[in-house]
Amino acid sequence: MLTSLKDRWVSLNLATRRIVIAIAVLVVVLSVVVIATVSKSASIKEPKIEPIWENIRLPETTHPILYNVKLEIDLTNEVFFGSEDVIMNVTNATAVLLIHVTGSRDEANQRLMNVTEARLYSVTAGKERDTYIEGTAHSIDHTFTNTVNDYYVMKMKSTLEPGLYKLHMTWDAKLVRGLDGIYLSTYKDSSNVTHKLLASQMEPLAARKVIPCFDEPSFKAEFKMEIVSEEKYPLVLWNMPETSMDNAERNGFKKRVFEKSVKMSTYLLAFVIADFKCTEVLTTDTDSKVKVRTCGRKDPISEGDGDFSNGANKKEKSTDCDSALIPLL
């Protein structure tokens, strides 16, 4: 066979031989180029699309409008329970919802906050202010917690179209001794008896230890608050004035409802629960008659320590800025 090929090659004229050689060289060059291109393409990796829960910043697809929160706080057993309805506006289609929930754990490696329920509904605005009519329920395929960024992640079974939604959540949590979120503190009275009290510090990122929320300053919303607490702690304060107090379903507890807040960031939330005593006066330097209240441990207040503060507030022009608009950043 080789002899036959050789004879055919010899029989070709010079021009034909050159054409055959050129074709052979071209085939070799093209083969090298193709192999190099394929190898390079195989070595190029597709750009990695980062899941939104890996980003420390909340996505701009969802914004809260109103939080309707109920907290039951048990200082004796050092726990609290919560439920909330968050009215929110989804501005872009999404199949994933994120909300901040602390991923912190205690010394026994138990979660400090445990979400027990999450449900989502479409809503439409009612005729009355702050009323929303519940519509279609949207199934959540599964949930998980991203502890790095403190996200509670909800993957939906189908894409959510832009519109108004209500996210209903319930949770339980532990009251801890610290200096952020709502935390336990203590003091001793004149008889050396230890008393518990609850205080709070939400700034900069601790509101997520109290309620599931969009815990970034730009995600402002209005808040409604209901607090159930033990009646042996008569002082219960929140950002807004109390509007009503009734017996709670739980024996030995009182239910307090507060005025709705202005639109504000989550880090401005503030709570106090204590067995403090209060004294109050009305200012006399203006026509507005503003009530000034001083609260503290029972012994000092009973001994008149609060009178100095009230007297000063009563005499000074404490209401000069009463009509000023103070932005809640």
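The values are calculated or read from the model by the stated rules, or taken from the named source; none is laboratory data. Please read these numbers as outputs of a predicted model, since none were measured by experiment. Note that we place each Cβ from the backbone using ideal geometry, even for glycine, and neighbour counts take in every protein chain shown. For accessibility, only protein heavy atoms count, side chains too; no ligands or nucleic acids. Shrake-Rupley method; radii C 1.70, N 1.55, O 1.52, S 1.80 Å.
At least 3 residues that are without any contact (Cβ under 8 Å) to a residue 60 or more places away in the chain, surrounded by fewer than 17 Cβ atoms within 10 Å (Cβ to Cβ) and out of contact with any Cys (no Cβ under 6 Å at 6 or more places or on another chain) in each: list the strands (runs of 3 or more DSSP E) lying fully within the stretch 181-284 that qualify.
Answer list for the stretch 181-284: 181-188, 242-247.
Taking Val262 as meeting all but one of (1) within 14 Å of Asn68 (Cα to Cα); (2) more than 25 Å from the chain's Cα centre (by Cα), write down the number of the exception.
So Val262 meets the others, but not (2).
Rundown of residues vs (1) in contact with a Cys (Cβ under 6 Å, 6 or more places away or on another chain); (2) under 30 Å from Pro234 (Cα atoms); (3) open to solvent by less than 30 Å² (accessible area, probe 1.4 Å), yes/no style:
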{"position": "Thr62", "(1), (2), (3)": "no, no, yes"}
{"position": "Asn68", "(1), (2), (3)": "no, yes, no"}
{"position": "Val90", "(1), (2), (3)": "no, no, yes"}
{"position": "Phe144", "(1), (2), (3)": "no, no, no"}
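Give me the pairs: first residue in the stretch 66-91 and over 18 Å from Glu259 (Cα atoms), second residue among the acidic types (Asp, Glu) and buried (at least 19 other Cβ atoms within 10 Å of the Cβ), beta-carbon distance under 6 Å, and six or more apart or on different chains, which are they?
Phe81/Glu72
Within the bounds of the stretch 155-168, is there any residue that is surrounded by fewer than 21 Cβ atoms within 10 Å (Cβ to Cβ), in contact with a helix residue (DSSP H, G or I) (Cβ under 9 Å, 6 or more places away or on another chain) and not in a strand (DSSP E or B)?
Within the stretch 155-168, none of the residues are surrounded by fewer than 21 Cβ atoms within 10 Å (Cβ to Cβ), in contact with a helix residue (DSSP H, G or I) (Cβ under 9 Å, 6 or more places away or on another chain) and not in a strand (DSSP E or B).
Cβ-Cβ below 6 Å, separation at least six or inter-chain, first residue in the stretch 117-130 and of a type in the set (Asp, Glu), second surrounded by 11 or more Cβ atoms within 10 Å (Cβ to Cβ) and at pLDDT 95 or above: which pairs?
Glu117/Thr170
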